[in-house]
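These notes are about the structure you will find just below.
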Amino acid sequence: MTTDRCAAAHPEDLTSCVGPHDLVTVFDRSNHGMGGCEHHAARLLASLEGGRVVSAPDHPGAAIRVLHAADGIRPFAWLTTAPRTEPGQLSAAENRAAAEVGEDLRGDEIPAPFTFRDAYSSAPEVSAETHAVRRLQVTSGGPAALQEEARELLLRHAALADRVAEESGDADDQAEAEKAGYALLDHDHEHGIWRGVYPPGHVIWVHRGPRAYTRQEYVTWYRPTART
């Protein structure tokens, strides 16, 4: 029986297959193997501890490509709202970067990204931005939304949540700001999108957190697009 998804695609991972469904086989520690396309095999391999990958006989070199791709993918990448602060929640590449910085490096020893005041000093009033975000939710929330529009919604929603949380100090608002920031950070990491100095996969965000990333990206987005 045929299927439109390879065996390596997790049921909760809604992304499409890329390439042949039997390109490689990914093995876990128990030597249980599962065939997969290049995309889902890499995501599966990144989620396994002690996994390995082998090319199909008629696809030499495929395992190397999957191995390299998995190095930069976070475990269970399809869980886009999951926190990404512990080593087991980060990619192998991010963990190597953290090791190079030094395990005993304190967060306040890392160069600071944009502060709250830097990010929002010229931003529209919260009420106006709330209206803009609601409008974007209507115009950019459909499945056919352009990537730029979908990303703008994530960014502006995260920035708005950050501002509300900063002003209210409420625990629920703080949690919402963290959640929205992680959604933006994980989206940008997956798609390789950012405008600021530090990319979404940089170790600085392990220490500074998703709200700092939101501020970096908002100020670099808003200033070029602000009306004079």
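The values are calculated or read from the model by the stated rules, or taken from the named source; none is laboratory data. Note that this is a predicted model, so its numbers are computed, not measured. Here Cβ is always computed from backbone atoms with ideal geometry, including for glycine, and neighbour counts include all displayed protein chains. What goes into the accessible areas is simple: the full protein's heavy atoms, side chains included, and nothing from ligands, DNA or RNA. Shrake-Rupley method; radii C 1.70, N 1.55, O 1.52, S 1.80 Å.
Cα atoms only: what Rg and Dmax, in Å, come out for the chain?
19.8, 62
Angle between the Cα long axis of helix 38-47 and the longest principal axis of the chain, 0 to 90 degrees, nearest 10?
So the inclination is approximately 80 degrees.
Sorted by accessible area (1.4 Å probe), largest first, how do T220, T80 line up?
T80, T220
All other residues with a Cβ under 12 Å from the Cβ of A56 taken together, and with Lys, Arg as +1 and Asp, Glu as -1, what is their net charge? Don't skip to the end; give the middle numbers.
On the way: positive: none; negative: D22, E38, D58.
Residues close to A56 contribute a combined charge of -3.
Using packing as a proxy for protection, rank 204-213, 9-18 so that the peptide with the highest average count of other Cβ atoms within 10 Å comes first.
204-213, 9-18
Dividing the Cα radius of gyration by the Kirkwood radius, what Rg/Rh value follows for the range 1-58?
We get a ratio of 0.94 for the range 1-58.
On average, how much accessible surface per residue is there in the chain, in Å², for a 1.4 Å probe, leaving out ligands, DNA and RNA? If you can, show how the numbers build up before the last one.
Values: 12770 Å² over 228 residues.
Value returned for the chain: 56 Å² of accessible area per residue.
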